[in-house]
Amino acid sequence: MNAENCELRKKLVKNCHRIVVKAGTRLLTDPRLLPVIIAQIKRIRDAGKQVILVSSGAVGTGMKSMGLKRRPRRLSEVQALAALGQVKLMSMYEAECEKLGFRAAQILLTAEDLRSRERHLNVLNCIETLLAKNVLPIINENDPVSVDELKFGDNDILASLLASMTRADLAIILTTVDGLKRPNPDGTLGGRISIVRGITQAERSMASGTDDGNLSIGGMASKLKAADTLNSAGEALWLASGKEPDILERIFNGEDVGTLFLPPVAKKKMESRKRWLSAFCRPKGKLVVDDGAVLALKKKGSSLLGSGIFAVNGEFERGDMLEIVSGSNVLIAKGLTNFSSDECRLLMGHKSSENHAILHYDADEEIIHRNNMYVVK
């Protein structure tokens, strides 16, 4: 590892105030490792840093309690195991935290809790209050009530979204591998990659499963997606092996362990509202725009006007999240619409000065205002 990369790691951890740590199922179902992780978190907290823990392991812990070797396929059985395992897992966390002189609190989330702006802010305020009271927030997906449309996918994605939402300086994903590996020509995994500056297709092609499907979901692909989410917001993600008993201390010493995913050099930290627009909202429809509108949005910082729209897809209401795409279906931006789908169909292709005459009321000039829009870079 060169001197520049060493300096990048040390500078990053020195300036960290808030960290999200995610521990995977394979780690948390090993009774020897959970106390080690909590002890390391205690030392980070003692150094004056705030820690949020994203914990997998509810289903795996439930399976251990029931003596099961394979993860069930039926949703109701998985949900029941999560409900059973969550109690056991939190009792273990609480016991370990109390031994070390602090308290833990549990927050269970579905994706809808973060998509809704009001619930998003409620979750954020709860986390901020717990941190202010020196309590360790332990967050997991609410598996007993989650169905496909309410799921994050896995806790790697949840960790990246929480880190973005809470404006954490760093997310650390602890897993059973020691970083992203280069593939060998024969298909085996080669050397560890120390630093990735902006994820490209080359890194995505290296992704392969890292977790045992009998216990958990996810793998390297989800970890790269998590890194991409954070890098897009201007934040960093560090992937490392939780099997090493002092891995968090080594990370905070700036050592060359795991793989550090950094945003592109010119990427600035995204403001909070833009983070919500870019990562949390589920689009209700799509506006297809011409080349002139694409240029205005990407290069000139403009709002979206009706004159640049030539197709409206889906049914939606004022205030809903929409995707803005080019004629070739390339995602250009996301934003909150000032008009319903029926109104957008009436206004598309027309100048904003005509909005009043078309709708017969004092309407906004912009279909989507720049302040309510995230433009894809």
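Looking at Ala236, Ala159, just one residue is under 16 Å from the mean Cα position of the chain (by Cα), at pLDDT 90 or above, aliphatic (A, V, I, L, M) and over 15 Å from Gly24 (Cβ atoms), and that residue is Ala236. Just a yes or no: is a residue in the stretch 266-281 part of a strand (DSSP E or B) and either buried (at least 16 other Cβ atoms within 10 Å of the Cβ) or basic (Lys, Arg) (or both)? Looking for residues that are part of a strand (DSSP E or B) and either buried (at least 16 other Cβ atoms within 10 Å of the Cβ) or basic (Lys, Arg) (or both), one finds none in the stretch 266-281, hence no. The selection criterion, being farther than 30 Å from Arg204 by Cα, within 31 Å of the chain's Cα centre (by Cα) and not charged (D, E, K, R), does not hold for Ser272. Within the span defined as the stretch 156-170, every residue fails to be over 25 Å from Cys281 (Cα atoms) and of a type in the set (A, V, I, L, M). When the stretch 363-377 is filtered for residues that are within 20 Å of the chain's Cα centre (by Cα), closer than 22 Å to Arg117 by Cα and either free of Cβ contacts under 8 Å to residues at least 12 places away in the same chain or assigned to a loop (DSSP other than H, G, I, E, B) (or both), only Val376 remains.
At least 3 residues being surrounded by fewer than 24 Cβ atoms within 10 Å (Cβ to Cβ) is the threshold, and among the strands (runs of 3 or more DSSP E) wholly inside the stretch 159-198 those reaching it are 181-183, 189-192, 195-197. The residues in the stretch 61-111 that are part of a loop (DSSP other than H, G, I, E, B), among the basic types (Lys, Arg) and under 22 Å from Ala159 (Cβ atoms) can be counted, and the count is 2. The listed residues are Phe310, Phe339, and the only one of them that is surrounded by fewer than 16 Cβ atoms within 10 Å (Cβ to Cβ) and either under 26 Å from the mean Cα position of the chain (by Cα) or not in a helix (DSSP H, G or I) (or both) turns out to be Phe310.
Within the stretch 58-95, the set of residues being over 14 Å from Leu28 (Cβ atoms) and of a type in the set (S, T, N, Q) comprises Ser76, Gln79. Within the stretch 19-41, restricting attention to residues that are at pLDDT 90 or above and surrounded by fewer than 18 Cβ atoms within 10 Å (Cβ to Cβ), the residue that is farthest from Met165 (Cα to Cα) is Pro35.
Phe261: buried (at least 19 other Cβ atoms within 10 Å of the Cβ), free of Cβ contacts under 8 Å to residues at least 40 places away in the same chain and of a type in the set (Phe, Trp, Tyr), yes or no? Taking the combined requirement at face value, the residue does not satisfy it.
The values are calculated or read from the model by the stated rules, or taken from the named source; none is laboratory data. Bear in mind that the values here come from a model prediction, so they are computed numbers and not experimental data. Neighbour counts are summed over all protein chains in view; Cβ atoms, including those assigned to glycine, are modelled from backbone coordinates with ideal geometry.
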